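Everything below concerns the one structure shown next.
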Amino acid sequence: MVMSVSVMKQVLENTDSDRISRISKIEESINYYKNQNDITRRNNGESVIKKDGKNELLRSADNRISNNFHKIIVDQEASYLTTKRPQIDVDDNDDLNQKVDKILGDYLPLTLNQLVINACNAGAAWIHYWTNDKGFDYSVVDSSQITPIYDKGLKNHIVAIRRSYRQLDTDSGKYVDIHEYWDDKTCTSFKSNGSLYTGLETNDVFDLIDNSTNEVVGNTNVYEHGLGRIPFIKFAKNVYEQRSLDDYKGLIDAYDSVYNGYLNDLDDIQQVILVLKNYGDTSLSELKEQLKKYSAVKFESDEAGSGLDTLNIEIPREARDDMLEITRSEIFLKSKSVDPSKTMISNATATAIKQLQSQLEEKASLTEQYFSRGLAELVRAILQYLNVPNYLDIKVAQKWTRNTVTNVLEQAQALAQVASFTSKETIAKNNPFVEDYQAELESLKDDSINSDGYGNQSQIDNLSKNPNKDKVDE
């Protein structure tokens, strides 16, 4: 069924409320990720030192420095979860695994990293995939462009995707709004000017091909992708698709407020106001000259109360220091992250670091569950492209390795204990020295030194002699 302009306009209008609200939150999250917290709004998102920013007698400083906790928190989870490439095993089929791995490409870890960042900022990240003469390809899509349309069932199946974005019209030299409607068979494209969909019309950007001659005979706004499903995959952050910033935005704003108030006071305290009582001269220039020359001021009257006082600002330093420390701790507690200042311990062991990362591990494990589902969908889309029978039923196993401090000796000893009754493939997958287990298995075929490949006690003994037993996965 070809969608008309009038029907598409109704779709756009009916999905706008949710879309506009979501985009507003995404933009706010991105601002905090770019270190443009609310406190910098007056300066267009820029952190600025202004010692004379306010027109007040004692409090003229108006410093606005943004503290970039949000980026630290988001990047920490993304690095912890995606630095190491996940191992994917499709139905224990080495040949198929190599084909899938080749299509996923070398940039898979970077793609997953971007997906985690997008999911943290938007609540859900999206991948779009397609096929063409060059093969199968995929890319991350800006979450603010995607509006999913669900059915009314209990499982909330996606029945269509609205994708809206701005694009430069090379014919007119002006920007137009592009609106795409994707279902399991086609993509229908429209364009308009402005938020009210002024002049909504078809966007004929696809070639119209005559099936009998296979020649291009014109242009159309309908593209039959032939993928059998909507070619967009969601990577949700959590069950409610809630952005990470919601958990700690108030705490970051509180920290910014106390921090900048403290900084303002440090600038303002340098301004000393002189209070003169019964001063006999009205010339302030003479007063300044006396202070400069004699470091004293002469008073004509000896009446009681005559003299010179100073007026300045008292800083409750201990209370503010405590407040900053408490707020900082709460930020990392509520975000389930690790405060970098707490890990800067010269003799910290792998076990101690892991204890500090317990909350981070809890958060990353939940993210992994949702991302594993999305990655499995992408792998099955590749299997469909490879014409693999029953691709929907094939088991797709995944192993995600954290970017953390590990004790190599403990892992090697554990492998040695189970080597006699465990397959070489399982041992290879869990070997702390092996990143590509398939390449390792190939090497073992030609290995004539160690007959069993793993579990050699001499290897463990040599490792035990190494004084540096803790290793950081990079």
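The values are calculated or read from the model by the stated rules, or taken from the named source; none is laboratory data. Just so it is clear, the structure is predicted and the values come from calculations on it, not from any experiment. Reconstructed Cβ throughout: ideal geometry from the backbone, glycine too, with neighbour counts over all protein chains shown. All accessible areas refer to the heavy atoms of the entire protein, side chains included, with ligands and DNA or RNA removed. Shrake-Rupley method; radii C 1.70, N 1.55, O 1.52, S 1.80 Å.
Any residue at all in segment 241-252 that is open to solvent by 60 Å² or more (accessible area, probe 1.4 Å), at pLDDT below 95 and not in a helix (DSSP H, G or I)? The answer is no; no qualifying residue exists. Selection of segment 190-239 for residues being in contact (Cβ under 8 Å) with a residue 24 or more places away in the chain and aliphatic (A, V, I, L, M) yields L200, V222, L227, I230, I233, A236. Residue pairs whose Cβ atoms lie under 8 Å apart, sitting 6 or more positions apart in sequence or on different chains, and linking a residue in segment 26-51 that is at positive phi and open to solvent by 100 Å² or more (accessible area, probe 1.4 Å) to a partner that is polar (S, T, N, Q) and in a loop (DSSP other than H, G, I, E, B), do not occur here. Looking at (1) surrounded by fewer than 19 Cβ atoms within 10 Å (Cβ to Cβ); (2) more than 23 Å from E325 (Cα to Cα), which is the only condition Y80 fails? Only one criterion in (1) surrounded by fewer than 19 Cβ atoms within 10 Å (Cβ to Cβ); (2) more than 23 Å from E325 (Cα to Cα) is unmet by Y80, namely (1). Per the listing D106, D62, the residue uniquely over 23 Å from S365 (Cβ atoms), charged (D, E, K, R) and open to solvent by 70 Å² or more (accessible area, probe 1.4 Å) is D106.
Is it true that some residue in segment 184-195 is surrounded by 16 or more Cβ atoms within 10 Å (Cβ to Cβ) and either within 26 Å of the chain's Cα centre (by Cα) or in a loop (DSSP other than H, G, I, E, B) (or both)? Checking segment 184-195: not a single residue is surrounded by 16 or more Cβ atoms within 10 Å (Cβ to Cβ) and either within 26 Å of the chain's Cα centre (by Cα) or in a loop (DSSP other than H, G, I, E, B) (or both). Restricting attention to segment 196-205, the residues that are in a strand (DSSP E or B) and either in contact with a helix residue (DSSP H, G or I) (Cβ under 6 Å, 6 or more places away or on another chain) or of a type in the set (K, R) (or both) total 1. Residues of segment 1-25 being open to solvent by 60 Å² or more (accessible area, probe 1.4 Å), touching a residue at least 12 places away in the same chain (Cβ under 8 Å) and not basic (K, R), which ones? Correct list: V2, E13, D18.
For beta carbons closer than 9 Å, sequence separation of 6+ or different chains, a first residue in segment 415-429 that is free of Cβ contacts under 8 Å to residues at least 12 places away in the same chain and under 19 Å from S443 (Cα atoms) and a second that is open to solvent by less than 50 Å² (accessible area, probe 1.4 Å) and not in a helix (DSSP H, G or I), the qualifying pairs are T422/Y454; T422/G455. Which of the residues spanning segment 212-234 are in a strand (DSSP E or B), out of contact with any Phe, Trp or Tyr (no Cβ under 8 Å at 6 or more places or on another chain) and either under 13 Å from K185 (Cα atoms) or open to solvent by 50 Å² or more (accessible area, probe 1.4 Å) (or both)? Matches in segment 212-234: E215, V216, V217, E224. On the stretch given as segment 137-157, residues that are crowded, with 18+ Cβ neighbours inside 10 Å and either within 17 Å of K185 (Cα to Cα) or not β-branched (V, I, T) (or both) total 5.
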